[in-house]
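Following: one structure in structure tokens, then a few remarks.
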Amino acid sequence: MDMDTRADGFVCRRCGACCRVPGVVRVDAEDVDRLAAALGMTVEAFTERFTQLAPGRTGLMLAGDPEGPCIFLGEDNLCRVHAARPRQCREYPARWRSAAIEAVCEAERIQA
């Protein structure tokens, strides 16, 4: 699967650094439906195994240690659910940026 990402002068190098930056990945109902289907699971099973309440009980986020890597980051630095990844991941870097991610990201910035 081609995981090269090009957006606004950004070319992803698939280093996985963005998936290791401390923080949470919020998921909504559409994300849960898409991820569950991609993994061949029911929504209920996916939710129980791979999500937890976000801080302040403001929705769901992917389970795991917020200080550790994403639970879907493989040892090869590739996202194991890339085609079905959450909206938060899909929208980076075109719709939002993070100084923490930018500091470790190996992406090539193409000069316009």
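Here are some conditions: (1) of a type in the set (Lys, Arg); (2) farther than 22 Å from Ala103 by Cβ; (3) part of a loop (DSSP other than H, G, I, E, B). Arg49 meets all but one. Which one does it not meet? The number of the failed condition is (3). The sole residue among Arg90, Arg57 that is within 18 Å of Arg14 (Cβ to Cβ) and of a type outside the set (Ser, Thr, Tyr) is Arg90. When the range 35-67 is filtered for residues that are under 13 Å from the mean Cα position of the chain (by Cα) and either in contact (Cβ under 8 Å) with a residue 40 or more places away in the chain or open to solvent by 70 Å² or more (accessible area, probe 1.4 Å) (or both), the ones remaining, listed by number, are Leu35, Pro66. Hey, any hits in the range 17-30 for a residue that's out of contact with any Pro (no Cβ under 9 Å at 6 or more places or on another chain) and of a type in the set (Lys, Arg)? There is no residue in the range 17-30 that is out of contact with any Pro (no Cβ under 9 Å at 6 or more places or on another chain) and of a type in the set (Lys, Arg). Restricting the range 18-30 to residues that are assigned to a helix (DSSP H, G or I) and more than 11 Å from the chain's Cα centre (by Cα), which is farthest from Tyr92 (Cα to Cα)? The residue in question is Ala29. Residues in the range 68-86 that are within 22 Å of Val43 (Cα to Cα), of a type in the set (A, V, I, L, M) and either in contact (Cβ under 8 Å) with a residue 24 or more places away in the chain or not in a loop (DSSP other than H, G, I, E, B) (or both): Leu73, Val81, Ala83, Ala84. Looking at Ala83, is it farther than 20 Å from Cys12 by Cβ and out of contact with any helix residue (DSSP H, G or I) (no Cβ under 6 Å at 6 or more places or on another chain)? Spelling it out, it is not the case that Ala83 is farther than 20 Å from Cys12 by Cβ and out of contact with any helix residue (DSSP H, G or I) (no Cβ under 6 Å at 6 or more places or on another chain).
The values are calculated or read from the model by the stated rules, or taken from the named source; none is laboratory data. These numbers come from a predicted model, not from an experiment. All Cβ positions, even for glycine, are placed from backbone atoms using ideal geometry, and neighbour counts span all protein chains on display. Side chains included, ligands, DNA and RNA excluded: accessible areas come from the protein's heavy atoms. Shrake-Rupley method; radii C 1.70, N 1.55, O 1.52, S 1.80 Å.
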